Amino acid sequence: MPTLPADALLGPRPNRVAIRRALLSVSNKTGLAGLATALHQLGVQLISTGGTAAALREAGLPVTSVEDITKFPEMLDGRVKTLHPAVHGGLLARRDRDDQMTALAAAGFEPIDLLVVNLYPFVETLQKEGVGYQEVIEHIDIGGPAMLRAAAKNHDGVAAVVDPDDYNSLISELEAHGSLGFAFRQTLAAKAFAHTAAYDGAIANFLTGLPALTSAAAQANNTIEPQSPHEASALPRIFTLQVTQRQAMRYGENPHQSAAFYALSGAAPGCLGGYEQLQGRALSFNNLADADAAWSCVRSLTGPSCVIVKHANPCGVALGGSALEAYQRALATDPTSAFGGILAFNVALDGPAATAISSQFAEVIIAPSYSQAALAVFAAKQNLRLLTVPLGQETAISSGLDIKRISGGLLLQTPDRNTLVAADFRCVTLQQPSAQQIDDLLFAWKVATWVKSNAIVFCRSGQTLGVGAGQMSRLDSARIASIKAEQAGLSLQGAVVASDAFFPFRDGLDVVADAGAAAVVQPGGSVRDDEVIAAANERGIAMVYTGMRHFRH
């Protein structure tokens, strides 16, 4: 970005702008009536379009229709209504140029001092189940972005408001001063341009992610064809990303690194990035990285569950009849590693669970909600960070892309969704798994999805018993997992084991069998599969294949 001289950036401009005429045209009508009422009481003339005008009239407010100032009716089913010199001239005319103001008046138009616009819900429409292609296209806003860009460009004399969260500060500024200051208008302008950039980016991502040609059947049915996640065409050819700095941090992974947390625009509810912090010190870079691993894992489980994460890996995961029982069972896996860990729950935390948790040192706790009794218990630990995140819909959250940065570029992939069910298992051994073992294998397989590769996870009755993570050798992961169980005093006799990828040799299978494993789940696909199957048969172990691996780097 080029650096401009200070005098070019800070030249003369009007300090404050009085608001006499406002154009309101919003898709999201949150706070609209309150804003319009306050503007009317301040003597501002309200101009509006279609549904917004109807909503304001229903609220008992006087409204001038856009058609009354353009002298031209809406056309093309509303596609053209604000694309007119009466609107854009009123927004773009420079107040410091007598010639432009004279030309505006000569045309019979008046200045528009305030624009309140938010756009057709394109992203929300795209996320709807079974949405048709034409419906998505019709939710590409044209007039809204054009007006926003005009008003934001001319912020020397016009205020552009795109976010309902700014309504209160707008009215407060007007009530306190009778006008809007330049710094306030500049902030709004920057937000408007960021909003239109994100909006256009979402459209470009959608269009460049579609196949070059749709089938005749899809065209006839006006549908968007589902694409295989294995096809490169499932990803946009041009990818536009917008993130907003939400929190500056003291440092990054290490004290000599600067860092900040940026939230993705349009992230679905249930993503960790939408957290609310209830108490505790500011979150660190590593806190958030570990919290994401914990929250992602616990969200994938059914029934009251607890996940304890340390250094991005689950060190204890368990189901229970309650949050308390789930916590106690998860902690039992590896109480040593749990010290200073991140705890995540997929159910509300109550008083008994909070009391038990408060006896250990934890950095962060995440849950959908907390009872008043739990909050009272945690209040005594002022540094403990409490986060709330709604569970959200898995389909919405997993509709995004997983992004990893490399030097000079980004790696994009579709999310690793573990939707495996028991019917997907293929038993390859003489010994068949029991019904209880199948349940445990499914649980172990879900946990292994969130453990860094190479991953080996021992489980029994909805509880992890030993976790081996992030080793260069799968054999070493298997040994570490059994050592962890031994250190925690947990027996592995009759346990099940999940391996996130195939066993390349029989030695890894022999290690888990020696530790006491009775059943194994793995993807299969090794050139030595026959050797590993023979080893399982020799040891009397049941082994099932999934046909899908879950590397996590």
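The values are calculated or read from the model by the stated rules, or taken from the named source; none is laboratory data. All values derive from a computational prediction rather than experimental measurement. Using ideal geometry, Cβ is built from the backbone for each residue, glycine included, and neighbour counts are taken over all protein chains shown. SASA here: full protein model, heavy atoms, side chains in, ligands and nucleic acids out. Shrake-Rupley method; radii C 1.70, N 1.55, O 1.52, S 1.80 Å.
Test Asp292 against the criterion of being open to solvent by 40 Å² or more (accessible area, probe 1.4 Å), of a type in the set (Asp, Glu) and within 23 Å of the chain's Cα centre (by Cα), and give yes or no. In short, yes.
So that you can scan it fast, the table gives a plain yes or no per residue for (1) modelled with pLDDT of 90 or more; (2) open to solvent by 70 Å² or more (accessible area, probe 1.4 Å):
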position	(1), (2)
Gln413	no, yes
Pro433	yes, no
Asp439	yes, yes
Ser461	yes, no
Leu465	yes, no
Ser477	yes, no
Ile480	yes, no
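Total residues in the stretch 19-61 satisfying the condition of being in contact with a Leu (Cβ under 7 Å, 6 or more places away or on another chain) and not aliphatic (A, V, I, L, M): the figure is 5. Kindly indicate the residue of the stretch 52-66 that is in a helix (DSSP H, G or I) and among the small types (Gly, Ala, Ser) and also most open to solvent (accessible area, probe 1.4 Å) among those meeting that condition. Out of the qualifying residues, it is Ala54.
Conditions tested, residue by residue: (1) of a type in the set (Phe, Trp, Tyr); (2) free of Cβ contacts under 8 Å to residues at least 60 places away in the same chain; (3) under 18 Å from Gly400 (Cα atoms).
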| site | (1), (2), (3) |
| --- | --- |
| His256 | no, yes, no |
| Phe261 | yes, yes, no |
| Gln279 | no, no, no |
| Leu288 | no, yes, no |
| Ser296 | no, no, yes |
| Cys306 | no, yes, no |
| Ala312 | no, no, no |
| Val317 | no, no, no |
| Gly320 | no, no, no |
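Among the residues of the stretch 142-153, those that are in contact (Cβ under 8 Å) with a residue 60 or more places away in the chain and either crowded, with 22+ Cβ neighbours inside 10 Å or among the hydrophobic types (A, V, I, L, M, F, W, C) (or both) comprise Ile142, Gly143, Gly144, Ala146, Met147, Ala150, Ala151. In the stretch 348-460, counting only helices (runs of 4 or more DSSP H) that sit wholly within it, the ones holding 2 or more residues that are in contact with a helix residue (DSSP H, G or I) (Cβ under 7 Å, 6 or more places away or on another chain) span 351-357, 372-378, 435-449.
Listed conditions (1) at pLDDT below 90; (2) of a type in the set (Gly, Ala, Ser); (3) farther than 16 Å from Thr52 by Cβ are all met by Gly143, apart from (3). When each of Leu35, Leu76, Leu39 is tested for being within 29 Å of Ile203 (Cβ to Cβ) and touching a residue at least 60 places away in the same chain (Cβ under 8 Å), the lone residue that passes is Leu35. A residue that is more than 22 Å from Arg549 (Cβ to Cβ), open to solvent by 10 Å² or more (accessible area, probe 1.4 Å) and part of a helix (DSSP H, G or I) occurs somewhere in the stretch 487-496.
Cβ separations smaller than 6 Å between residues 6+ apart or across chains give the following pairs from the stretch 538-552 residues that are within 16 Å of Val496 (Cβ to Cβ) and in a helix (DSSP H, G or I) to residues that are open to solvent by less than 80 Å² (accessible area, probe 1.4 Å) and of a type outside the set (S, T, N, Q): Arg539/Ala513. Restricting the stretch 115-128 to residues that are assigned to a helix (DSSP H, G or I) and without any contact (Cβ under 8 Å) to a residue 40 or more places away in the chain leaves a set whose member that is surrounded by the fewest Cβ atoms within 10 Å (Cβ to Cβ) is Glu124. Among the residues making up the stretch 154-189, those that are within 19 Å of Tyr199 (Cβ to Cβ) and in contact (Cβ under 8 Å) with a residue 12 or more places away in the chain are His155, Ala160, Val161, Val162, Asp163, Pro164, Asp166, Leu188, Ala189. If only residues of the stretch 73-98 that are closer than 24 Å to Ser179 by Cβ and charged (D, E, K, R) are counted, the one that is modelled with the highest pLDDT is Arg94. Out of the stretch 500-515, which residues are open to solvent by less than 10 Å² (accessible area, probe 1.4 Å) and either assigned to a loop (DSSP other than H, G, I, E, B) or touching a Gly at 6+ places or on another chain (Cβ under 7 Å) (or both)? Of everything in the stretch 500-515, those that are open to solvent by less than 10 Å² (accessible area, probe 1.4 Å) and either assigned to a loop (DSSP other than H, G, I, E, B) or touching a Gly at 6+ places or on another chain (Cβ under 7 Å) (or both) turn out to be Asp500, Ala501, Phe503. In this entry, Val131 is excluded by the filter for residues that are open to solvent by 40 Å² or more (accessible area, probe 1.4 Å), among the β-branched types (Val, Ile, Thr) and either outside any helix (DSSP H, G or I) or within 25 Å of Asp163 (Cβ to Cβ) (or both). Taking the conditions exactly as written (among the small types (Gly, Ala, Ser) and over 23 Å from Gly89 (Cα atoms)), does Ser172 satisfy them or not? Taking the combined requirement at face value, the residue satisfies it. Among the residues examined, Ala194 qualifies as within 30 Å of Pro236 (Cα to Cα) and open to solvent by 30 Å² or more (accessible area, probe 1.4 Å). Is it the case, given these coordinates, that Arg281 is under 30 Å from Pro121 (Cα atoms) and basic (Lys, Arg)? No, not satisfied.
Yes or no: Thr102 farther than 23 Å from Val17 by Cβ, among the polar types (S, T, N, Q) and not in a strand (DSSP E or B)? Answer is no for this residue.
If we keep just the residues of the stretch 22-41 that are touching a helix residue (DSSP H, G or I) at 6+ places or on another chain (Cβ under 7 Å) and hydroxyl-bearing (Ser, Thr, Tyr), which is modelled with the lowest pLDDT? It comes out as Thr30. The set of residues in the stretch 336-360 being crowded, with 17+ Cβ neighbours inside 10 Å and over 30 Å from the mean Cα position of the chain (by Cα) consists of Pro352 alone. The set of residues in the stretch 307-335 that are surrounded by fewer than 20 Cβ atoms within 10 Å (Cβ to Cβ) and either assigned to a loop (DSSP other than H, G, I, E, B) or in contact with an Asp or Glu (Cβ under 6 Å, 6 or more places away or on another chain) (or both) comprises His311, Ala312, Gly321, Ser322.
Taking the listed residues Ile47, Ile69, Ile112, the one that is of a type outside the set (D, E, K, R), open to solvent by less than 10 Å² (accessible area, probe 1.4 Å) and not in a loop (DSSP other than H, G, I, E, B) is Ile47, with no other qualifying. Scanning the stretch 524-546 for residues that are over 20 Å from Leu430 (Cβ atoms) and open to solvent by less than 70 Å² (accessible area, probe 1.4 Å) turns up just one, Gly525.
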